[in-house]
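The block underneath contains the structure these notes are about, expressed in C-alpha cells.
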Amino acid sequence: MKFPRHLATLLLSCLICAPASSQHIPEYNPMGLTGDFSGSWYNPEQSGHGLFVEVLDGGRAAVAWFTFDPQGRPAWLYGVLDLGDWKMTGTLSTVAGGHFPPAFDPEQVVVAPWGSIEIEVAGCDTAELRWQALDPAYGGGSLPLSRLTALQGQRCMAEEQFVEQRSYFFERGAHQFTPLFVDLPAQGQDIYELDFDYETLPDPLGRRRGLRLTGHNRSDDLAMLITAPVGGLLPDRVYRAEVELELASNVPSGCAGVGGSPGDSVYVKLGVVGQKPEAVAVDEGPETMLRANIDIGSQSQDGPQVHVVGTLANRQSCEDLSAAQWQLKTLVTTRPLAARSDAEGRIWVLAGTDSAFEGLTEYYLTALRLRLLLQPEF
C-alpha cells in the first residue's frame, strides 16, 4: 500500500478549506477518542486506498481519504470531523484546479462538497467507514477498516490501562542507566570488546544521541543490557508494567552469520524486576561465568519478568550490505509484566539484547517508556 508524501500539507488544507459546518467545536469529547487513534486505516482486502486520521484538540479529527473516482482516476477527499460516541462524523470535500508547483495558483483551486461520512471505532485497530456522497455515481456504502500504522510513541489506550508513565529520552543523557554485561567468562573479557557510551549516532541519524552498547559474542550467549532504578513508588507493592524501547540498528534482516543471523538472532528483551540487576560470578567447572542475579532467559527464551519483544534486525534487506543504513525501530512488550517494589519503593527496568550471533554487535538505545499500574491487593 503506497502513501502520498504530502500528508502534512493536505491536513493543513483540511483546517483551512473545510466547509463551515465541519468547523463546529464540541465542548468535550465524551468517549475519549484521543490521539491514540491517529494513523492510517484501510481495508486489507482493498489495498490501494485508505484514510489518514489525525485526532485534534477540541473534539475534532482531520481525515483524508485517498481513493478513486467512478472513472478510475485518483481522488482525494478530506474534511474535519466531529468526535462523539466512539464516532467521527462530518462532511468531506474535493479540490480541483491546482497544478504541481511552481505552477500552483491558489486562485485556480476550487473546493466542492463531496458528501458525508461516519467512522465508527470498534477498538484500537478496527473501525467501520460509512458514507453518503452527493454525486449518485459515488453513492453510499460502508467498509470495514483496520489500522495500518500508528504514530510513534502512541500506544492505543495506554493511559486507560496504565495510570503512570516514565519517559527516558537518551537525547538528554543516560538518566542513571548503567550497562549490564552477562553470560560471559569472568576473566579474559578483553576479547569481548565490551563498551558502553553516550554519544552521537552515526549518519543518517547524526542529529540524534543515545546510549551505545557494543560487544563481541565469543561465549555464544552474550547478553548486553541497560538498567536503572525507578523510584517514587509505594513500597512492597506489585506493579503491572509495559515497557517500550526505541533503538537504532544498522543490521538488515535475513543475513547469515556464525551461530545465527547478526540481526534476526540477536533478541531484544525488555523487563521489570524488584531487585537491582547485577552480574555475579558463578563457578561452572572449567571456568567462572558472569551471570545475571535474575532470570533473564536464554537468547530467544523469556525470563519470568524479562520478555523477548523482537530482534535487532531493521527493515532493510540483506541483499546489499554495503548500502545498509542505521534505522530506528520501536519495540514494546505485548504480554503482562509485573514486579514487586522494594522497601524503598523502587523497581528496576531492563532493556537490551541476548545474542546467538557469534560476532560483533553494536546498537544504540535512544528512548524508553515505562507504563505502570498499581495492582490491587485483597
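The values are calculated or read from the model by the stated rules, or taken from the named source; none is laboratory data. These numbers were taken from a predicted model, which means no experiment stands behind them. Heads up, the Cβs are rebuilt from the backbone with ideal geometry, glycines too, and the neighbour counts pull from every protein chain shown. Quick note on the areas: whole protein, heavy atoms, side chains included, nothing else; ligands and nucleic acids left out. Shrake-Rupley method; radii C 1.70, N 1.55, O 1.52, S 1.80 Å.
Using only the alpha-carbon atoms, what does segment 293-376 span along each of its principal axes? Please give whole angstrom values in decreasing order.
Largest first, segment 293-376 extends 52, 24, 21 Å along its Cα principal axes.
Rounding to the nearest 10 and keeping the result within 0 to 90°, find how far the Cα-based axis of helix 7-17 lies from the longest principal axis of the chain.
With rounding to tens, the tilt is 40 degrees.
Which order, highest average first, do 107-115, 140-148 follow once you tally other Cβ atoms within 10 Å for each residue and take the mean per peptide?
140-148, 107-115
Give the distance, in whole Å, between the Cα centre of segment 317-341 and the Cα centre of segment 104-121.
For segment 317-341 versus segment 104-121, the Cα centre distance is 39 Å.
What's the ranking of 60-70, 188-198 by average number of surrounding C-beta atoms within 10 Å, highest first?
60-70, 188-198
Give the carbon-plus-sulfur fraction of the accessible surface of the chain in %, rounded to a whole number; probe 1.4 Å, heavy atoms of protein chains only. Write down the numbers at each step before the final one.
Numbers: 9620 of 18540 Å².
C and S fraction of accessible area: 52 percent.
Using a basic spin-label model with each label point 7 Å from the Cα along Cα→Cβ, how many nm lie between ALA137 and GLN176?
The answer from the label model is 6.5 nm.
Just to confirm my numbers, what's the Cα centroid distance between segment 234-279 and segment 188-216 in Å?
16 Å
When the Debye formula is applied to the Cα atoms of the chain, each taken as the same point scatterer, what base-10 log of I(q)/I(0) results at q = 0.08, 0.12, 0.13 Å⁻¹?
Listed by q, the Debye log ratios stand at -0.54, -0.99, -1.08.
222 nm [θ] for the chain, helices only, -39500 (n - 2.57) per DSSP H run of 4+, per residue, to 500? Walk me through the numbers on the way to the answer.
Details: 2 runs with 15 residues, N = 378.
Here the helix-only value at 222 nm equals -1000 deg cm²/dmol.
So what are the three principal axis dimensions of segment 172-272 from its Cα atoms, in whole Å, longest to shortest?
Extents along the principal axes, in whole Å: 46, 36, 27.
Find out how many positive minus negative residues lie around VAL182, taking Lys and Arg as positive, Asp and Glu as negative, among other residues whose Cβ is under 10 Å from that of VAL182. Walk me through the intermediate numbers first.
On the way: positive: ARG291; negative: ASP183, ASP221, GLU278, ASP354.
Neighbourhood net charge equals -3.
Roughly how many Å² is the accessible area per residue of the chain, as a whole number, for a 1.4 Å probe? Display every interim value, and only then the final one.
Numbers: 18540 Å² over 378 residues.
Heavy-atom SASA per residue in the chain reads 49 Å².
Could you estimate the translational diffusion coefficient of segment 35-158 from the Stokes-Einstein equation, with Rh from the Kirkwood formula over C-alpha pairs, at 10 °C and 1.306 mPa s, in whole µm²/s? Let's see the in-between values first.
Numbers: Rh = 15.4 Å.
Result for D is 103 µm²/s.
When Lys and Arg each count +1 and Asp and Glu each count -1, what net charge do the other residues less than 15 Å away from TRP131, Cβ to Cβ, add up to?
On the way: positive: LYS87, ARG130; negative: ASP69, GLU118, GLU120, GLU128, ASP135.
Here the count lands on -3.
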